[in-house]
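Please treat every number below as a calculation from the coordinates, not as lab data. The structure displayed is predicted, hence computed values, not measured ones. Using ideal geometry, Cβ is built from the backbone for each residue, glycine included, and neighbour counts are taken over all protein chains shown.
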Amino acid sequence: MTGRLTHSIMKKIIVPCDFSETAVQAFRFAIDIASQSGGEVKLLNVIELSVMYDTTLMPALSFEEAYLKEAKEAAEKNLEKLKTKWANDVRVSWEINYGTTAATINEFAVAQKADLIVMGTKGVSGFKELMVGSNTEKIVRSSNIPVIAIKKNVKKPIQHIVFPNALTEEQEELAKRVKALQDFFNATLHIVFVNTPAQFLSDHETKRRLQAFVKRYMFKNYTINIYNDRDQESGLINFTNDIKGDLVAMGTHGRKGLAHVLSGSIAEDVVNHIACPIWTFKI
């Protein structure tokens, strides 16, 4: 089962592209993955529609039509340039859609039956993060398709994958996916439990439960780790930096609205604040 999953998890890759530096780096990373998997990459540029559709505002509508035409022509040129520069022998196609960015990306990925979304992210912080969030964070929260978020150029192979474990019950599908991801990159998996003052477990109990988890899902080429920090997000980031992790793989619960503000989702927060790529899968 894992072998078939490994073969298919990276076949059809969607890369939302706004031509920013991080989007270009996401495209380059997707090309590398598709080259290894024998898959294809589909670039998607989303042109946001404004609210200028009042029938009494004909000058505004005229301006809007001119803007959309110009934006589409510019996007077509830039997409073709990216394809020519980076595609190499990988199959690359592109499409331009109109609408709200996050919703359009999700709809396109589902329609294309994508295996993976690779997105660039600059990360946001503070009040802006709480109230708005990045488009990548919105995709991480809402997508039923695995997402890899990229902040910068990935200069070395993925050899060390960090897999935070909260020791919860709902892990079967996530564990299967992470094993396939590990197999794809032929990487070492570093399973870590972040111990915090608010959710403290003794090392003895934590080791016992981590070992049971590893045995249950038959992991190979792994390390078991317990890391103490003030909160889960800080612990995950600090542990990843300490071991020089190349990728973080984790589940997200996709919380929305007030529940997200009150309890948060560690995966979404880490997307904004960690330097290495992060793979997420909605549980």
- line: Env charge @ Asn97, Cβ radius under 11 Å, K,R +1 / D,E -1, value -2
Estimated FRET transfer efficiency (Glu40, Asp229; beta-carbon r; R0 41 Å; 0.05): 0.50
query: Among Glu173, Glu137, which comes first, second and so on when ranked by fewest other beta-carbon atoms within 10 Å?
result: Glu173, Glu137
task: Could you tally the net charge around Asp18, taking each other residue with its Cβ under 11 Å from the Cβ of Asp18, Lys/Arg +1 and Asp/Glu -1?
output: -1
task: State which entries of Lys42/Lys282; Lys77/Lys244; Lys138/Lys215; Lys42/Lys215 exceed 31 angstrom in Cα-Cα distance in the structure shown.
output: Lys77/Lys244; Lys138/Lys215; Lys42/Lys215
